[in-house]
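J.: Encoded as structure tokens, here's the structure I'll be asking about.
The values are calculated or read from the model by the stated rules, or taken from the named source; none is laboratory data. This one's a predicted model, so the numbers in the text were calculated from it and none came from an experiment. For neighbour counting, all protein chains shown are included, and Cβ atoms are generated from backbone atoms with ideal geometry for every residue, glycine included. Side chains are part of the model used for accessible areas, which takes the heavy atoms of the whole protein and leaves out ligands, DNA and RNA. Shrake-Rupley method; radii C 1.70, N 1.55, O 1.52, S 1.80 Å.
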Amino acid sequence: MVWKAIIGLGSLGIIFSIILVIAYTKFRVEFSEKLKKIIETLPGANCGACGFGGCEAYAKALVEGKASPDLCAPGGRDVATKLATILGKEVKLKEPQIAFVRCQGAQGIATDRFEYIGIETCKSANIIGGGYKGCEYGCLGFGDCVSVCKFNAIHMGENGLPVIDEENCTGCGACVSACPRGIITLIPESQKTIVACISKDKGPLVRKVCKKGCIACGICEKVCPTGAIKVIDNVAIIDPEKCTNCGICVYKCPTKAIIEKIKFRPTARIDENLCTRCGECAKVCPTKAITGDENTPYKVNVEKCIGCGECQKVCKPKAITLYDTEGLELSKLT
């Protein structure tokens with residue numbers, strides 16, 4: 001009986017092995033040289049930002065002509081250029097994007113409706129009564145975004161809000177998908193002025209639950225010189241293509257819901273020898289930083305100046321120049 005069992009199992013093993021060999025030979029996918037080069041070029045993060053189930057799936061789609069070579073967020077422009085070269089295609093490079101947390105509802109800034117005791121994830125906390133925060137749009141602070149980031153680009157700050165490391169962020173969007181509140185968005189790398197709030201509640205309610213929420217007052221929309229800001233559904237929205245990062249909306253926002261990622265702003269200076277004392281610069285200055293009259297040379301109070309450049313735009317004799325903090329003329333900087 002033992003020998004019969006051994007012979008029977010051995011025979012089955014041989015038969016199944018033959019079937020597997022035949023199946024492998026028939027259905028295997030040959031890796032072309034082009035496919036190998038593409039896979040070697042991709043970063044191997046398998047983050048899914050390209051819309052495919054990993055780098056290999058994206059590579060196959062590229063070879064089959066079903067995808068564009070500029071979809072790899074972690075690889076950025078360098079990888080997109082290399083992929084286009086391998087494929088023999090031209091690619092229009094997109095501006096890199098980075099994640100941004102559109103909430104300032106930290107401890108002491110936003111109120112809580114109740115004490116949450118349960119599974120410490122944002123997804124779980126959001127299910128219980130719509131979250132414990134007074135603002136139903138505010139960050140819950142349990143770091144679901146941190147746990148899904150494969151590039152170590154997010155950590156939780158001491159104030160209970162996520163902090164984005166822009167140098168490590170690849171704009172893959174994993175944190176955007178993980179946030180149950182939708183407060184993390186991808187923005188162009190060049191965008192420096194952002195509304196850090198997504199609340200669609202009316203102003204009076206926002207004031208009750210958050211000190212830095214957008215109250216839809218419309219001041220930013222009125223003062224924006226390029227028409228880049230619109231208040232839609234009770235929250236200000238900035239069009240990055242129109243925004244010049246002048247900083248006027250940041251200065252005027254009563255709740256400081258609009259922030260800017262600019263460490264040092266430039267300052268304006270007036271050349272008295274060129275100034276005709278027309279006063280147009282003083283009229284457009286949003287911070288009243290320029291003073292003077294027909295008999296007194298116009299001067300700029302650098303402590304009040306935010307470097308928006310509006311005065312420079314209206315100065316016909318070109319007597320106004322913007323300088324950075326080290327005294328270098330901005331137009332001459334590279």
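J.: What is the number of the single condition among (1) in contact with a Gly (Cβ under 7 Å, 6 or more places away or on another chain); (2) β-branched (Val, Ile, Thr); (3) more than 28 Å from residue 204 (Cβ to Cβ) that residue 128 does not meet?
T.: (3)
J.: Could you grab me the full set of residues in segment 205-239 that are surrounded by fewer than 16 Cβ atoms within 10 Å (Cβ to Cβ) and touching a strand residue (DSSP E or B) at 6+ places or on another chain (Cβ under 8 Å)?
T.: If the condition is that a residue be surrounded by fewer than 16 Cβ atoms within 10 Å (Cβ to Cβ) and touching a strand residue (DSSP E or B) at 6+ places or on another chain (Cβ under 8 Å), then 218, 230, 237, 239 are the ones that fit.
J.: Does at least one position in segment 325-332 carry a residue that is closer than 19 Å to residue 192 by Cβ, open to solvent by 30 Å² or more (accessible area, probe 1.4 Å), modelled with pLDDT under 90 and among the basic types (Lys, Arg)?
T.: Scanning segment 325-332 turns up no residue that is closer than 19 Å to residue 192 by Cβ, open to solvent by 30 Å² or more (accessible area, probe 1.4 Å), modelled with pLDDT under 90 and among the basic types (Lys, Arg).
J.: While we're looking at this one, here's another question. Can you tell me which of (1) surrounded by fewer than 19 Cβ atoms within 10 Å (Cβ to Cβ); (2) under 30 Å from residue 216 (Cβ atoms); (3) touching a residue at least 60 places away in the same chain (Cβ under 8 Å) is the one residue 248 doesn't meet?
T.: Result: residue 248 passes all but (1).
J.: From 275, 217, 243, which residue is farther than 30 Å from residue 296 by Cβ and out of contact with any helix residue (DSSP H, G or I) (no Cβ under 7 Å at 6 or more places or on another chain)?
T.: None of the others qualify; the one that does is 243.
J.: Name the residues in segment 78-102 that are open to solvent by 50 Å² or more (accessible area, probe 1.4 Å) and either β-branched (Val, Ile, Thr) or more than 30 Å from residue 212 (Cα to Cα) (or both), would you?
T.: Of segment 78-102, the ones open to solvent by 50 Å² or more (accessible area, probe 1.4 Å) are 78, 81-82, 85, 88-90, 92-95, 97.
Within segment 78-102, 78, 81, 82, 85, 88, 89, 90, 92, 93, 94 meet the criteria.
J.: Looking at segment 36-77 only, could you name the residues that are polar (S, T, N, Q) and either loosely packed, with under 15 Cβ neighbours inside 10 Å or outside any loop (DSSP other than H, G, I, E, B) (or both)?
T.: 41
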